[in-house]
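What follows is one structure encoded as structure tokens, with my remarks underneath.
Each value in this text was obtained by applying a stated rule to the coordinates, not by laboratory testing. For clarity, every value in this text was computed on a predicted model and none was experimentally measured. We place every Cβ from the backbone using ideal geometry, glycine too, and count neighbours over all the protein chains shown.
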Amino acid sequence: MAAGERLQYFVRSINDGGEAVESDTFSLAALPAQEQPLRILLTSDHQLKPMTPANMQKIAETVGALDAVFFSGDLQNIPDRASEWFDDNRGSAFFPGLQGNADYDLAQSRQQGDSTYDTTTTYRGGALIQNAPLFPVIGNHEVMGRYNPGKSLGSQFNDPRPRAVAEALYEANADLYNPSGDPEIRAQWIEDNSFNTTTYEEIFTLPRRRPCR
């Protein structure tokens, strides 16, 4: 793609029965042209907060098409809870809010004289990342604590341990934890017993090298 060029695309999914579901048509651009002015949204701390769908909807309505979304951490609350990314039943999950697919009812009360008027508005978020690349960075809410299926996800999130501490504990008890000396068992034990960003890295591909010029 040439600098500044926008490419239209759509996504088609086919289920096991051969039925196809197709998205609307969107567009994306690669490298902007030299001196091209850009509209970039800088945001953070969405975390299923009540005003997030409303704010994203207002951005779509007032600013229009964006060239990029910079997200400076804390995308959701607990990264291993899939619903917070995709389909939280409160209607304010991470991706729907940035795609115009949220469904959050925001209640407001207004006092006029001796009367109170209650209104509810449903906010859908904004269709932002279908047409603009998303560049997130890791905040503390993208980091899970020690893995323990016997505890809730909230408890696991609040149970971090530095990797160096987990490695030292493993080495002190390697014969107990991994009698066969299997390197895969070692790696998994250390990952499970220290804080990690596994879910974040599975959702977002982190760059492994600098881009070519």
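By its C-alpha gyration tensor, with a ≥ b ≥ c as the square roots of the eigenvalues, how is region 144-196 shaped: rounded for a/c under 1.5, else prolate for a/b larger than b/c, else oblate? Cα axes put region 144-196 in the prolate bin. What the Cβ-Cβ distance of Leu176 and Met1 gives, at R0 = 45 Å and to the nearest 0.05, is a FRET efficiency of 0.25. Restriction of the trypsin sites (Lys or Arg not before Pro) in region 1-57 to DSSP coil positions whose beta-carbon has at most 14 other beta-carbons within 10 angstrom yields Arg39. Rounded, prolate or oblate: pick one for region 1-79, where a ≥ b ≥ c are the square roots of the eigenvalues of its C-alpha gyration tensor, a/c under 1.5 means rounded, and failing that, prolate if a/b is larger than b/c, else oblate. Oblate is the answer for region 1-79, as a/c is 1.5 or above yet b/c matches or exceeds a/b.
Does the chain come out rounded, prolate or oblate by the C-alpha gyration tensor, with a ≥ b ≥ c the root eigenvalues, rounded set by a/c under 1.5 and, if not, prolate when a/b is larger than b/c and oblate if not? The shape class here is oblate. Of the trypsin sites (Lys or Arg not before Pro) found in region 122-195, the ones in coil according to DSSP and having at most 14 other Cβ atoms within 10 Å of their Cβ are Lys151. Placing +1 on the Cβ of every Lys and Arg and -1 on the Cβ of every Asp and Glu, with nothing else charged, gives the chain a dipole about its Cα centre of roughly 640 debye. Rounded to the nearest 20, the size of the Cβ-charge dipole of region 144-196 about its Cα centre is 260 debye, with Lys and Arg at +1 and Asp and Glu at -1. For the pair Asp87 and Leu31, the difference between a 0.36 nm per residue extended length and the Cα-Cα distance amounts to 17.0 nm. A cut-off of 5 Å between modelled amide H atoms, ignoring neighbours fewer than 5 places along the same chain, links Ala127 with Gly100.
Each label was represented as a point 7 Å from its Cα along the Cα-to-Cβ direction; for Leu106 and Glu19 these points are 3.5 nm apart.
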